[in-house]
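Undergrad: Pasting a structure below so you can have a look.
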């Protein structure tokens, strides 16, 4: 409990920002869903067959897994707040439309006849009789939708839309249950508070409830929009993948840029998501820079000519990656750092010694006895498990897909025997693991470097000059130690990044 309180105290400012982002996304989505669903239900209340069709469509939409829906939206609207809003609106439509339709359809026909007998017009009857009688059912649907939205909005963090999901993802990634609990508890409390608020308002007046919700949604949404569209000097947006290492690197990028020119505004978006999300964000100008690896560029992002050799040196890998990014996407990869964060297979040191396994090729003899926990990305990559099957002939008896941090917990608990890892992961040291020798050289060189559009690089020479200070810097041991400080010693990535840059005299001491 003390650790939870300490974590809350240290992160209260970040938590407040995340709560505000979460509310802005959730309430904006609710307002949009209300504007769509209620008028549509009113329009179709006298058209039963058509209403049934719409109910079926909204029901089907709600069965689509949220991650799948976000993945389907990214190619069309990019990443960030827009796809998150669309997904949340889709999930909110069913309860609001269904309850509005049912509330109107179940009004006693004798009351309808009485209204007609008094000579009420269609609109007057709707506003004075039907909606007031249906309002309790409608508001119930709004409450259900709001609770659903607030819970689902945690996934918005996966595509860079912020919110309380950032705490949950960060907690999972860094094996810190306190961060996960803070995010989960805060999300649950928001759902309870706003559900109670709607119920309180519902007892007063249905119209008052809808008006109050509209005012709250517009107020929070307006402030959120204003904060994210501030007028002034241009902002350089730097994002990072999930994990401590990208978080450290983007803080280094920010520090060297600010050291080069303090007038440049730099916004960081940590834990932004997977490789494909970040690459799409650069293409669509939603972010300007993110740290990428030379091997990942060749394996996942560009089309590599068949004539390209498989065993390129680190320097040749960088040159080829940069050339193909330029020709295919008009992008530029700056000069890489010294260390390589290449893929590796890892086992518990004690288990590897007991089985006599030091190389990947030795897995084949015991493949029927070994269970693996791999990330989804590793399972699907040619320089991952696909390549291990093709090049090494290794097909393990059980392969489970896991989030990056969970696979370390799994191997530490003995649930799996082999996991994929990155060569600079702090968990290798933390859990006493050993990486197996890639004796057939499957994994290409992976050197980290800033990736950006060529146009951005040409227009921001000071940014490029600043980032090039990191070229050829940071050894593998230094990166492992920095990851260890963040993941195990719980130091802040910004502090770790700053201390390293000062120690290595890449930036000056604080004035």
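Undergrad: Can you grab the distance from the C-alpha centre of the stretch 7-69 to the C-alpha centre of the stretch 243-288, Å, no decimals?
TA: For the stretch 7-69 versus the stretch 243-288, the Cα centre distance is 30 Å.
Undergrad: Arrange 120, 337, 479 by Cβ neighbour counts within 10 Å, fewest through most, would you?
TA: Listing 120, 337, 479 from fewest to most nearby Cβ atoms yields 120, 337, 479.
Undergrad: Return the Cα extents of the stretch 366-511 along principal axes one, two and three, sorted largest first, each rounded to a whole Å.
TA: Sorted largest first, the three principal extents are 59, 37, 25 Å.
Undergrad: Just to be sure I understand the curve: with the Debye formula and one point per C-alpha of the chain, what is log10 I(q)/I(0) at q = 0.07, 0.09, 0.12 Å⁻¹?
TA: -0.48, -0.74, -1.13
Undergrad: Right, next: Using Cα atoms only, what is the angle between the long axis of helix 48-63 and the major principal axis of the chain, expressed in degrees (0 to 90) to the nearest 10?
TA: So the inclination is approximately 20 degrees.
Undergrad: Could you tell me the distance between the Cα centroids of the stretch 431-492 and the stretch 374-393, to the nearest Å?
TA: 22 Å
Undergrad: Quick one: order 200, 443, 20 by neighbouring beta-carbon count within 10 Å, fewest to most.
TA: Least to most surrounded, the residues fall as 200, 20, 443.
Undergrad: Okay, moving on. Placing one identical point scatterer on every Cα of the stretch 313-405 and ignoring solvent, what is log10 I(q)/I(0) from the Debye formula at q = 0.10, 0.15 Å⁻¹?
TA: -0.39, -0.76
Undergrad: What value does the stretch 34-175 have for Rg/Rh, both radii from Cα atoms and Rh as Kirkwood defines it?
TA: Dividing the radius of gyration by the Kirkwood radius yields 1.12.
Undergrad: What is the helix-to-structure angle for 493-503, meaning the angle in degrees between its Cα long axis and the longest Cα principal axis of the chain, kept from 0 to 90 and rounded to the nearest 10?
TA: Orientation of helix 493-503: about 30 degrees from the principal axis.
Undergrad: At R0 = 22 Å, how high is the FRET efficiency between residue 60 and residue 401 if r is their beta carbon distance? Nearest 0.05 is fine.
TA: Calculated transfer efficiency: 0.25.
Undergrad: A follow-up question, please. Need one word for the stretch 57-106: rounded, prolate or oblate. Basis is the Cα gyration tensor (sqrt eigenvalues a ≥ b ≥ c); a/c below 1.5 gives rounded, then a/b vs b/c decides.
TA: Taking the square roots of the gyration eigenvalues as a ≥ b ≥ c, the stretch 57-106 is prolate.
Undergrad: Taking 0.36 nm per residue of separation and subtracting the Cα-Cα distance, what length does fully extending residue 415 through residue 313 add?
TA: Using 0.36 nm per residue and subtracting the Cα-Cα distance, I get 33.1 nm.
Undergrad: Hey, what number do you get for the chain at 222 nm if only DSSP H runs of n ≥ 4 count, each worth -39500 (n - 2.57), divided across all residues, to the nearest 500?
TA: -18000 deg cm²/dmol
Undergrad: Sticking with this structure for a sec: Among 8, 293, 279, which comes first, then next, by fewest other beta-carbon atoms within 10 Å?
TA: Ranking 8, 293, 279 by Cβ neighbours within 10 Å, fewest first, gives 8, 279, 293.
Undergrad: Now for a different question. Taking Cα atoms, how many degrees apart are the long axis of helix 12-44 and the longest axis of the chain, rounded to 10 and kept between 0 and 90?
TA: That works out to roughly 40 degrees.
Throughout, read-outs are computed from the coordinates displayed, never taken from laboratory work. Note that this is a predicted model, so its numbers are computed, not measured. Note: ideal-geometry Cβ built from the backbone for every residue, glycine included; neighbour counts use all protein chains shown.
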